[in-house]
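Read through the structure below, which is laid out as structure tokens, and then see the notes.
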Amino acid sequence: MARPTTEDDLHAFVDQTLDVRRKEEIAAYLDAHPDIAGRVAAYSRQRKLLKAGYAPIADEPIPPQLNLSRIIERQRRPSIATRWMAVAAAIVLLCMGGVGGWFLRNMTQPSEGIAALVEEASASYAVYAPDHQRPIEIKASDRDALVNWTTERLGRVVAIPDLSASGFRLMGGRVVATGHGPAAMFMYDDDHGTRLVILARRMAVDQNMPMARQTNGSLNGYAWADKGLGFSLVAPASPQRLHPLADEARRQTSPDI
């Protein structure tokens, strides 16, 4: 019996870290699931863009003070301070060697907290909002199924804000993978070409945070956390327009605040 395909498998497929047999299994799975294949293709495009963006850094020559022969020579000296310097340089070299893989992934987002959640929401917007074929997995008309799916994957009930009174109708949503576990993504549209994304996931740190304005490139938004559940609302709109939307979303997702 074939092993089930997980989000980790999909990311490993993109990162080209699977063994030959597992790679063939995932390729067959993607052939049978074109919707997921499209998402994986988007991940691959992101990876290529990141690799191209950081290529000049990876190709820079190693500074003379980190030359391996000099490090070895310093290691032969009796000075304790010099030995510690060699150890530090070796660590730097090790870190530089990872530029092509996980180093690049870690450079794309902060390691923890609300800042990471904002980066993840912005990344989800960049991948799914421009998609006019299938930006969401489950439509708003099947709201109960969307609630059940996100609840099962996050292990907590995530309320889906109703922003229709503010001019944004719910299109639907999906579960997306992040560097900190699964997240629920809800997408909205104002029927005038502007889409809005709310990303919610469990928080290991910053578990209770007041709502704060955030900016990431062309996207503005607001983020907050309540009782271990974080939310980030982002859109290519002015903070003045998004602030009341964020207030309403927060009121519906965190009724005790």
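Go through segment 147-164 and count every residue that is at pLDDT below 95, over 16 Å from Leu229 (Cα atoms) and of a type in the set (A, V, I, L, M).
0
For a quick check of your reading: which strands (runs of 3 or more DSSP E) sit entirely within segment 194-257 and have at least 1 residues that are more than 20 Å from Val175 (Cα to Cα) and either in contact (Cβ under 8 Å) with a residue 40 or more places away in the chain or assigned by TED's automatic domain parsing to the domain that holds Asp162 (or both)?
209-216, 219-226
Exactly one condition in (1) modelled with pLDDT of 50 or more; (2) out of contact with any Asp or Glu (no Cβ under 9 Å at 6 or more places or on another chain); (3) surrounded by 15 or more Cβ atoms within 10 Å (Cβ to Cβ) is false for Asp131; which is it?
Evaluating Asp131 over (1) modelled with pLDDT of 50 or more; (2) out of contact with any Asp or Glu (no Cβ under 9 Å at 6 or more places or on another chain); (3) surrounded by 15 or more Cβ atoms within 10 Å (Cβ to Cβ) leaves (3) as the failure.
The values are calculated or read from the model by the stated rules, or taken from the named source; none is laboratory data. Quantities reported herein were computed from a predicted structural model and do not represent experimental measurements. With ideal geometry, Cβ positions are generated from the backbone for all residues, glycine too; neighbour counts draw on all protein chains shown.
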